[in-house]
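Each remark here refers to the structure printed beneath this line.
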């Protein structure tokens with residue numbers, strides 16, 4: 001009897017340790033759907049910036065891009081419109097919400113995958129701080145270093161209805 005009780009308790013603890021917190025589940029549910037990235041801006045710096053985001057395209061290419069997050073299997077994509085400056089098309093991602101810690105707020109993390117959901121980035125991924133997330137708006141931030149100074153890259157989204 002004691003052995004069975006120990007096994008049951010172990011299974012309960014294992015299941016609880018692998019589950020996602022209520023806060024992270026709530027953020028995943030809010031993220032689920034289609035978003036438009038309206039603006040990429042920079043904080044803590046002056047001047048004009050031009051940067052390549054996510055080892056993919058210049059920041060200007062991301063403005064107006066569409067982002068889709070599917071919460072039932074943690075996959076999604078972002079789509080960049082083709083132009084003379086931008087190699088348009090779909091980029092597929094696997095994403096999750098990282099729990100907040102003493103060092104950061106909740107984060108959206110993602111890595112690039114192919115159409116068959118296989119990792120194509122060699123494990124390389126990206127984390128963006130979730131600074132605002134509502135049913136209609138989302139603001140994400142990441143840090144970059146420019147001339148030894150930390151600059152915040154700010155991504156402002158609106159949810160498509």
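When 74, 41, 65, 51 are checked against the criterion of being within 13 Å of the chain's Cα centre (by Cα) and either within 16 Å of residue 156 (Cα to Cα) or surrounded by 13 or more Cβ atoms within 10 Å (Cβ to Cβ) (or both), a single residue qualifies: 74. Taken together, the residues in segment 51-93 that are farther than 17 Å from residue 112 by Cα and in contact with a helix residue (DSSP H, G or I) (Cβ under 7 Å, 6 or more places away or on another chain) amount to 3.
When residues in segment 71-80 are screened for being modelled with pLDDT under 95 and either in a strand (DSSP E or B) or on the phi < 0 side of the Ramachandran plot (or both), 3 of them pass.
Could you list, in sequence order, the residues of segment 40-62 that are farther than 17 Å from residue 126 by Cα and modelled with pLDDT of 95 or more?
Residue satisfying the conditions is 61 alone.
Pairing residues of segment 143-161 that are over 18 Å from residue 103 (Cβ atoms) with residues that are at pLDDT 85 or above and not in a strand (DSSP E or B), at Cβ distances under 6 Å and at least 6 apart in sequence or on separate chains, gives 159/136.
Here is a yes/no grid of residues against (1) modelled with pLDDT under 95; (2) in a loop (DSSP other than H, G, I, E, B); (3) in contact with a strand residue (DSSP E or B) (Cβ under 7 Å, 6 or more places away or on another chain):
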residue	(1), (2), (3)
90	no, no, yes
115	yes, yes, yes
138	no, no, yes
161	yes, yes, no
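Residue 33: loosely packed, with under 13 Cβ neighbours inside 10 Å, touching a strand residue (DSSP E or B) at 6+ places or on another chain (Cβ under 8 Å), at pLDDT 80 or above and within 30 Å of residue 116 (Cβ to Cβ), yes or no?
no
The values are calculated or read from the model by the stated rules, or taken from the named source; none is laboratory data. A quick note: this is a predicted structure, and the numbers were derived from the prediction, not measured. Don't worry about glycine lacking a Cβ; one is built from the backbone with ideal geometry, like all the others, and counts go over all protein chains shown.
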